[in-house]
Amino acid sequence: MIRAVMVMNTQGKPRLAKFYDSQPVDKQQELIRSVFGVLCSRAENVSNFVEADSIFGPDSRIVYKHFATLYFVLVFDSSENELAMLDLIQVLVETLDKCFKNVCELDLVFNYSKIHTILDEIFFGGQVLETSSAEVMKAVEEISKLETASNSITLVPKSVSGWRGR
Amino acid sequence: MNPFSSETRLRDMIRAIRACKTAAEERAVVRKECAAIRASINENDPDYRHRNIAKLMFIHMLGYPTHFGQMECLKLIASAEFPEKRIGYLGLMLLLDERQEVLMLVTNSLKQDLNHANQYIVGLALCALGNICSAEMARDLAPEVERLLQFRDPNTRKKAALCAIRIIKKVPDLAENFINPAAALLKEKHHGVLITGVQLCTDLCKVSPEALEHFRKKCTEGLVRTLKDVVNSPYAPEYDIAGITDPFLHIRLVRLLRVLGQGNADASDLMNDILAQVATKTESNKNAGNAILYECVETIMSIEDNGGLRVLAINILGRFLSNRDNNIRYVALNMLMKAITVDTQAVQRHRATILECVKDSDASIRKRALELVYLLVNESNVKPLTKELIEYLEVSDQEFKGDLTAKICSIIAKFSPEKIWYIDQMLKVLSEAGNFVKDEAWHALIVVISNASDLHGYSVRALYRAFQTSAEQETLVRVAVWCIGEYGDMLINNVALLDIENPITVTGSDAVDVVEVSIKRHTSDLTTKSMSLIALLKLSSRFPSCSERIRDIIIQNRGSLVLELQQRSIEFNSVIEKHQNIRSALVERMPVLDEATFIGRRAGSSPAIVPTSNSASLNLPNGVAKPPAAPLVDLLDLSSDDVPAPSSSGGGFLQDLLGGVDLLPGLNQTAISGTNEAPRTGTDILLDLLSIETSPTQSSSSITDILSSSQGDKSPVASLGEISSPPSLSTRATSAGADPMMDLLGGFSPNPPMPEDNGPVYPSIVAFESSSLRITFDFSKAPGNPQKTTILATFTNMSQSIYTDFIFQAAVPKFLQLHLDPASSNTLPASGNGSITQNLRVTNSQHGKKSLVMRMRIAYKFNNEDILEEGQINNFPRGL
């Protein structure tokens, strides 16, 4: 089972965090910090796997990928295939990329709830729901359509290009 | 517009937070924003609910408390609009968790939404349920989820399948309801539903043996066919990961087959062919392909034996090991670690490749590979493997050397075929990475050398040679100095020369050079310097011609700021100067160190064993071990010895003095505890000292005290370094008079206490002992106040993991008063490597009538689990 999905920037600021084994709020922050502590001290040319028993308890591993200013991290136990988890990060990033056209850190910050919608279409209660980014995109677009159709406040701005420069 | 009102848009709030330069600024912004949200919640304005929760989700991610938004989530979920529902469910999953009672209230909304006509709303409800479902909710909503497994829309079906996993994990009893629907999902053509269906079946097998039996009988063949179709299917771009078609489905199928094949020969037979096909056909130049192969290997290793397949699997791992991708090598090593229990021989064949991985540039791979190599070592390959590892030691990274030396030392100790090989290899390690060698390892080497009587000469000569090239390795220096002290005569006379050795020409003065270098080197620590001093004393007797020079070196330490060195040099100087007659008896070769005792001590790292072995060794004629008594005691002892044995000679004299050793600890305690006593004259001291000797109960009990208290700071074998100290006591015996030491004595003599002031001494008790934790109590009473007792509680962790958040609590009956001082720490290192101490002050109002009794509770965290231990302590000594 996947225990947590995290995205954090290279300064350790969480950009997205979802825990599938319920953790209290302050514990979540502590876990994010310890994961960041491990990741930022790792060299570039090493494997993407980290034993995380000391952070998440027995039988837990971390797989991470570093893209530009962001770390994408999955925490999971021995019932998942490590190499497949690595590919799953790839699926997540590809999907985000398709959604936002060259995704960057700011897209994640300002489209917080859309990111969660995407996440929920890929991961579901600690299991893998969908591995095809096309399928995920389809589902997310349907949901966006429903959102706008109901004439309510739009949470997902159509364009983020105006905010790129801080 | 007020930037912190509920009218602020989410985007503006995020901007405001991002604009903060410091953490304090950010906190202030978040506080204001939260206040605005609370106010808006109190107004119960439905228009801003959506926005408030969206903001709270962001604030939650930053780590601020957001519990006050929980009820708002429920209201949003109850709303009829899709965007409200959506944000409500998102908020529900993030802000709440299953422990919260609010969840009780959400069950009904969930039930309605699961039956909603809009499939997206059903999807939202399923998603929330899959994330936060509790046992009660699982029971209430299982029928809905079961129904949704047959829903027309595939996206809903796959969500329902994963939701069912959550439900059966929470309530395994519900598994049987899902067996048939899950089996139906295996026949699905829709990719997403199939993959989640396979996952559901896998989890059903884990929680329910009936499900396992059912799937094994009914579905194995079907699954094999499905896998065959997937393997042979044409390229499907939508599920392509880096050119491999649908690795995730591959992996899930192979994994379910593993569960079905495990422990069942028939099912295993059915899948052999397809596994072989996957193992041979899958491309291995991409991560995704390797992920499939990796899964396939794990399945082959787990299902019932098929020799051919296993060899194929281990060969795949062998190929992985030479892959250029670090990740692949890493998982291969992980898998080999598991495979080693199944088929050691097959893994052995890849020994050379694994050994190459020990030299990898990636530290985590090196570490794994080293562990694996360690598991692969046996009697037959220990020699070449050790050779390789030691050669690598020369070029390895500094930070890896610690691990590497520890493992090499352990391999050498465990598998050494003969003593000479052991000594040779240890010398290589010491010369190469002596600074990384653990104390136990070089102590063990000394014990082995001491036991190998025919190799004494060989060892000392080899050490002498090694010292010439590697004098910067501290532990090598220590072992060399010790051996030269003991076997110096064998060094210069080429005694017991082995055939393989070349004789060397070493003079006594060369040997002294070695010791001199090591004592004068500024990097040498106290242990090395103390050992060097002892070696010098021994050499002064072995090489009388160098005696004067040795004395000069010893004298140079007379002014050392370290009391231990100062004391030793003064003592040794007087031995050389004044007591030629007893010197040779004093510095005789050490008796052979007891290997069994040493191994026993090492095996049980628990300190409990130490006192017994220590006190046993006190009885050895030459005092193999001596409790590290404070220097003060030695000085006191000096004056007492004046009287009992002023003029006895040689051996007899020595015996007397060693008899006196038993008395030391008792003295020590009294001497240390009393420092403000009135000045007394020399004779008084003597009388006091003698009077102690006549009260055997007291001194014997305090021996245990002192021994137990010394465990903490000295490693068990530190006594090796102290070896010559008991003889040194004797030297001071007769040196009263015009000796420089008298000055020192003069300085200390006002201090000795009256032993009776100290009151009776109470034996320490073990208050609590389990496999994981040990608590000892040491007692002391302030003089003149018998009701009060100070208990020094010492906590030792006997397990392999550290304890954090360690708290000790105690309760006493009414006739007692208890005061707990703060503990020295709340973190307890593993394996007895240190301890926590805490003072307990007890006042017994019924002193003399009732003895102490106490209940205690210990709470700590072990591997992030809270542990609580309780107990009652009844074994307090009487009269406290």
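Here, each number is a calculation from the coordinates, and none is a lab measurement. Note that the structure is predicted; figures quoted are calculated from it, not measured. Here the Cβ is made from the backbone with ideal geometry for all residues, glycine too, and neighbour counts use every protein chain on show.
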When we measure straight from the Cα of B:LYS169, which lysines land under 20 angstrom away, once same-chain ones fewer than 8 places off are left out?
A:LYS18, B:LYS111, B:LYS158, B:LYS159, B:LYS206
Taking R0 as 56 Å, what FRET efficiency do you get between B:ASP173 and B:GLU472 from their Cβ-Cβ distance, rounded to the nearest 0.05?
0.25
Rounded to two decimals, what is Rg over Rh for the range B:141-235 when you use alpha-carbon atoms and the Kirkwood radius?
0.97
Options A:ILE2, A:VAL46, A:SER132, ranked by Cα towards positive dipole end of the range A:1-155, top entry (Cβ charges)
A:VAL46
Dipole check, the range A:2-151, charges on Cβ (K,R +1; D,E -1), about Cα centroid: among A:ILE118, A:SER60, A:PHE100 the Cα furthest to the positive pole belongs to A:PHE100
Considering only DSSP states other than H, G, I, E and B, which chymotrypsin sites (Phe, Trp or Tyr not before Pro) in the range B:452-550 qualify as loop sites with at most 11 other Cβ atoms within 10 Å?
none
Nearest 10, in degrees from 0 to 90: the angle of helix A:82-100 to the longest Cα principal axis of chain A is 20 degrees
Over 21 Å [Cα-Cα, the range A:2-151], rounded percent:
42 percent
Can you give the relative contact order of the range B:765-873 as a percent, counting alpha carbon pairs under 8 Å and 6+ residues apart?
27 percent
Amide H within-cut-off set for A:ALA17, under 5 Å, with H built and near neighbours excluded:
A:VAL7
Charge dipole (debye, nearest 20) of the range B:106-149; +1 at Cβ of Lys and Arg, -1 at Cβ of Asp and Glu:
40 debye
In whole Hz, with x marking every Gly and Pro, tabulate ³J(HN,Hα) for the range A:38-45 from phi via Karplus 6.51 cos²θ - 1.76 cosθ + 1.60, θ = phi - 60°.
5, 5, 6, 8, 8, 6, 6, 9
Between B:ASP12 and B:ARG38, 0.36 nm times their residue separation minus their Cα-Cα distance comes to what?
7.6 nm
Kindly count the pairs of lysines across the range B:765-873 whose alpha carbons are less than 23 Å apart, treating pairs on different chains or eight or more residues apart as eligible.
8
Length-normalised contact order of the range B:77-199 in % [C-alpha pairs under 8 Å, at least 6 apart]
20 percent
Expected sort for B:SER569, B:SER134 with the fewest Cβ neighbours (10 Å cutoff) up front is B:SER134, B:SER569
How much length is gained if the chain between B:SER509 and B:LYS111 is pulled fully straight, taking 0.36 nm per residue apart and subtracting their Cα-Cα distance, in nm to one decimal?
133.9 nm
In nanometres, what is the gap between the two model label sites at A:PHE67 and B:GLU577, each 7 Å from Cα along Cα-to-Cβ?
8.0 nm
Obtain the nm distance between the two label points defined at B:GLU221 and A:VAL38 by a simple spin-label model: each point lies 7 Å from its Cα along the Cα-to-C-beta direction.
4.6 nm
Determine the gain in length on full extension of the stretch B:ARG857-B:ALA265; use 0.36 nm per residue of separation and subtract their C-alpha separation, reporting nm with one decimal.
208.0 nm
Any idea what angle helix A:133-149 forms with the longest principal axis of chain A, computed on alpha-carbon atoms, 0 to 90 degrees, nearest 10?
40 degrees
Non-local Lys pairs in the range B:402-600, i.e. 8 or more apart or on different chains, that have alpha carbons under 15 Å apart:
6
Principal axes of the range B:765-873: Cα extent on each, largest first, Å
44, 23, 21
Please work out, to two decimal places, the log10 of the ratio I(q)/I(0) at q = 0.19, 0.30 Å⁻¹ from a Debye calculation in which every Cα of the range B:119-173 carries one identical scatterer.
-0.53, -1.25
Within the range B:813-880, list the trypsin sites (Lys or Arg not before Pro) lying in a DSSP loop whose Cβ has at most 15 other Cβ atoms in a 10 Å radius.
B:LYS814, B:LYS849, B:LYS850, B:ARG878
Could you work out the relative contact order of the range A:2-151? I mean the mean sequence separation of Cα pairs under 8 Å and 6+ apart, divided by the number of residues, in percent.
21 percent
Which GluC sites (Glu not before Pro) from the range B:7-75 combine a DSSP loop assignment with at most 15 other Cβ atoms within 10 Å?
B:GLU7
